[in-house]
Amino acid sequence: MPVPLPLDRPIRWGILGAGRIAATVAYDIVRTDGNIVVAVGARDGERAADFGNRFGAQRSYGSYDELIADDEVDVVYIATTNPGHHEQALSVIAAGKHLLIEKPVCLNATDTAEVLDAALAADVFAMEAMWMRTNPLIRRAEHLVADGAIGEVRGVRAEFGLGKAFDPTDRLYDLDNGGGALLDLGVYCVTFARLFLGEPDSVDTVGSVASTGSDATAAMQWRFGDGREAQLWCSAETAAPNRGLIQGSTGWIATVGEFHRPRGLIVHHAGGEEVLPDPIPGGSHGYGPEIAEVDRCLRTGLAESPLVPHADTVATMRLLDDARRVLGVRYPGEAGTGP
């Protein structure tokens, strides 16, 4: 098991990458008690230096390797584009550092399992940056369901449509850069459904593929032997409200705002309807609970978070692998799409 980090000093973060998502998460890291950004590494040294100045980092590097080698970094947040995660994560683990890996952890389940297994073998904490699973409203929904607030769960619906016009140079449509609706958007839908239904017995997938070879739209129908079901849809090219719905035998729970970062919950049950407000303080981007969970795990010596367990991360990737296989989407150099 990892050695617990001391309680009397901040968790020292290194940021791998200096793009939009890196900045968004770093903004919340420095606003979470007991956490600081001490270093950033990017392929462009000037960009890394500018990023470091914005978030109070003591050091910046013009390469990823220098960041990984920094002895004063406790945990590395990998915020690069999807194809780099596998090699970068293994390098971070080899350096004995903990890591938070932006979703998807890797391009497929095989590589994802390799990274997470390597972390366990090295006594290094590793977690997929699936912030939705640490969100207090999503966790509240889990507790409500477990307590029978809407009876027996019978179905889940989730949609995530970005509405981004096709552009072959855009990362989301660039197969060489790990693009595609499933890995960027569908990963949320699949994770949401698994939280409340578990593993499906069968899946029917349909969709469309862009001229670049990336999946543009995917729809999945999950079926279970006991009659439960899920309808999941994601699209790079079509916009949507991006709501989530959990349907029970005596009621339902719907998200207010986008389901992966809800601003409230509507709980409809036999006794009436109530709206649960967003407990996350204003002024943040909503990543505080995820950062706090990493902090808690590092200070208690956990190898993985019980909120984002390794097995669930790999199982989600297997379902995405299967959906890509049906649509005929494969990334360059990919030996296969899962075990």
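Each reported figure results from applying straightforward, stated rules to the coordinates on display, with no laboratory input. Source: prediction; values computed, not measured. As a convention, Cβ positions derive from the backbone with ideal geometry for all residues, glycine included, and neighbour counts pool all protein chains shown.
Counting 0.36 nm for each residue step from residue 249 to residue 24 and taking away their Cα separation leaves a gain of 77.1 nm. Where in the stretch 230-257 does the amide nitrogen come within less than 14 Å of the point 7 Å from the Cα of residue 322, taken along Cα to Cβ? Residues 230-232 qualify, since their backbone N sits under 14 Å from the label point. Peptides 187-197, 59-69, 268-278, 201-211, ordered by how many other C-beta atoms sit within 10 Å of their residues on average, highest first, read 187-197, 59-69, 201-211, 268-278. Among 73, 256, a tally of other beta-carbon atoms within 10 Å of each Cβ gives an order, fewest to most, of 256, 73.
Expressed as a fraction of 2.2 N^0.38 Å, the value expected for a compact globular protein of N residues, the C-alpha radius of gyration of the chain is 0.98. Semi-axes of the equivalent ellipsoid of the stretch 254-339 are 32, 22, 14 Å, computed as sqrt(5λ) over the eigenvalues of the C-alpha gyration tensor in descending order.
Shape annotation for the stretch 141-185: C-alpha extents along the principal axes are 48, 18, 14 Å, from largest to smallest. So if I take the centroid of the Cα atoms in the stretch 290-339 and the same for the stretch 1-74, what is the distance between those two points in Å? One Cα centre to the other: 23 Å.
Under the simplified labelling scheme, the residue 275-residue 176 pair shows an inter-label distance of 4.8 nm, with each label point 7 Å from Cα along Cα→Cβ. Taking other residues whose beta carbon is less than 12 angstrom from the beta carbon of residue 217, and scoring Lys, Arg as +1 and Asp, Glu as -1, yields -2. Peptides 93-99, 145-151 ranked from most to least packed by the mean count of surrounding Cβ atoms within 10 Å: 93-99, 145-151.
The Cα atoms of the stretch 1-124 define a convex hull whose projected area, averaged across directions, is 7.0 nm². Just the number, please: percent antiparallel of the DSSP beta bridges in the chain, rounded to the nearest 5. Just about 55 percent of them are antiparallel.
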